[in-house]
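Coordinate-derived values only; no laboratory data. All of these numbers come straight from a predicted model, not from anything done at the bench. Heads up, the Cβs are rebuilt from the backbone with ideal geometry, glycines too, and the neighbour counts pull from every protein chain shown.
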């Protein structure tokens with residue numbers, strides 16, 4: 001069978017996330033394209049700003065069946081990326097320029113399929129998807145997830161207002177006629193989390209599937225030799241940008257409750273929480289640590305290279321991710337690949353990644369309830385070394401079976417074949433297309 005000629009729109013597409021553009025999806029696009037190129041001839045439209053980094057990578061590790069085309073806008077428009085929310089307008093304008101490039105390429109290449117891969121959201125129009133007359137696949141993308149209202153009300157004025165602005169912008173973009181046209185034309189809509197799936201109108205849910213926006217290269221996380229867990233020590237790790245929606249204040253407050261509990265239950269046990277990250281909340285988090293007299297047990301350290309973070313993961317007993325709004329949550333999948341149980345909210349990306357076998361998911365009803373339930377999860381894992389070892393093994397298995405990049409690309413390849421056949425696959429997916437009911441508790 002002749003290999004399909006596939007056009008991919010990947011505004012964000014870089015191997016090294018430290019050089020990424022605003023907008024997200026760099027690692028996913030790069031790794032999925034690399035995997036899919038083993039089966040298809042690919043033409044990739046990406047942002048002109050990516051050119052230097054991509055060509056440097058291709059010199060070291062060529063992808064002969066991938067043809068990159070770099071699309072740009074006038075330089076003065078790039079200043080939009082410096083304003084909060086400006087990336088949305090820049091990316092939308094970029095979509096139109098990319099469509100003109102796609103139309104020219106299609107006249108020469110005659111593509112069999114188009115895939116809108118990144119910008120990774122579920123609410124902005126894909127102009128190519130709406131207008132290019134070839135079968136169309138979109139995603140995975142998310143964006144419908146929101147910070148729960150009871151938590152949003154505790155934010156300072158500026159971040160609270162931004163959450164409302166974000167919701168308003170999404171409403172505007174979802175009512176773009178080109179968005180509706182593209183959604184209607186798409187053969188398959190890949191959704192990054194349950195909230196994104198649930199936000200689809202029923203007529204579009206019928207052609208939607210869940211697929212995580214995150215994956216891992218498992219060779220970066222070698223299996224650790226089996227070791228007996230240390231029942232006298234419990235070390236928690238978390239990482240991310242220090243902004244209100246990441247919920248690090250909740251983790252610190254929960255750790256204080258847990259610490260008081262563990263002193264009663266198991267005297268002499270060593271417990272520590274390490275927070276790795278940078279951001280505007282640094283000073284307020286340090287103040288909270290001091291106010292709670294947790295300075296000897298909660299460490300806030302600057303962001304570090306990813307390989308160093310992976311080494312910290314290997315030394316930790318569990319990973320906590322208290323984010324209130326994360327469509328993906330890559331660091332959760334990385335912790336699972338490192339064989340660590342994860343504590344997170346039952347929300348968006350992390351709520352999809354983590355199962356009862358490999359971690360503890362907490363409901364997000366109110367800040368007070370969340371702090372109590374996260375503290376209880378800390379205690380449960382700290383006082384049962386066997387349980388955390390069992391969950392860690394299950395987390396690694398799930399990373400191998402679902403989140404290895406080859407597995408992610410395998411599922412996308414099936415979607416491609418279905419789109420070309422214009423009929424759904426009967427093969428069962430590791431993450432179900434239809435979404436089970438959410439559990440009430442953590």
- Item | Euclidean distance of C-alpha centroids, the range 67-112 and the range 254-323, integer Å | 41 Å
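Please label the shape of the range 294-392 as rounded, prolate or oblate, based on the square roots a ≥ b ≥ c of the eigenvalues of the alpha-carbon gyration tensor (a/c under 1.5 means rounded; beyond that, a/b larger than b/c means prolate, else oblate). Don't jump to the answer; show the numbers that get you there.
Working: a/c = 1.21, a/b = 1.17, b/c = 1.03.
Since a/c stays below 1.5, the shape of the range 294-392 is classed as rounded.
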- Message: From zero outward in steps of 10 Å, how is the percent of C-alpha pairs of the range 260-340 spread across the bins?
- Response: 14, 42, 36, 8
- Message: Mean-square fluctuation check for the chain, GNM, Cα pairs under 10 Å: which of 340, 108, 361 is largest?
- Response: 108
- Note on the structure: Scoring the chain by relative contact order with C-alpha pairs under 8 Å, at least six apart, yields a percentage of 15 percent
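Can you sort 326, 373 so the residue with the fewest Cβ neighbours within 10 Å comes first? Spell out each step's value before the answer.
On the way: 326 25, 373 21.
Going from least to most buried by this count: 373, 326.
With a ≥ b ≥ c the root eigenvalues of the C-alpha gyration tensor of the range 126-220, is it rounded (a/c under 1.5), prolate (a/b larger than b/c) or oblate?
On the way: a/c = 2.20, a/b = 1.38, b/c = 1.59.
Oblate shape, in that a/c is at least 1.5 and b/c is the bigger or equal ratio.
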- Task: Any chance you could give the angle, 0 to 90 degrees and rounded to 10, that helix 385-398 forms with the longest Cα principal axis of the chain?
- Result: 0 degrees
- Full-extension gain in nm, residue 172 to residue 410, via 0.36 nm per residue minus C-alpha separation: 82.2 nm
- Note on the structure: Cα-based Rg then Dmax for the chain, in Å, read 22.1, 73
- How much space per residue, in cubic angstrom, does the convex hull of the C-alpha atoms of the range 218-401 take up? 106 Å³
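For the residues 116, 145, what sequence is obtained by ranking on other C-beta atoms within 10 Å, fewest first? Before the final figure, lay out the partial values.
Values: 116 29, 145 22.
In increasing order of surrounding Cβ atoms, one gets 145, 116.
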- Note on the structure: Ordered by fewest other Cβ atoms within 10 Å, a rough proxy for footprinting exposure, 158, 407 read 158, 407
- Message: Suppose R0 equals 22 Å. What FRET efficiency, 1/(1 + (r/R0)^6) with r the Cβ-Cβ distance, do residue 264 and residue 291 give to the nearest 0.05?
- Response: 0.50
- For the range 218-401, averaging the sequence separation of alpha carbon pairs under 8 Å that lie six or more residues apart and dividing by its residue count, the contact order in percent is 26 percent
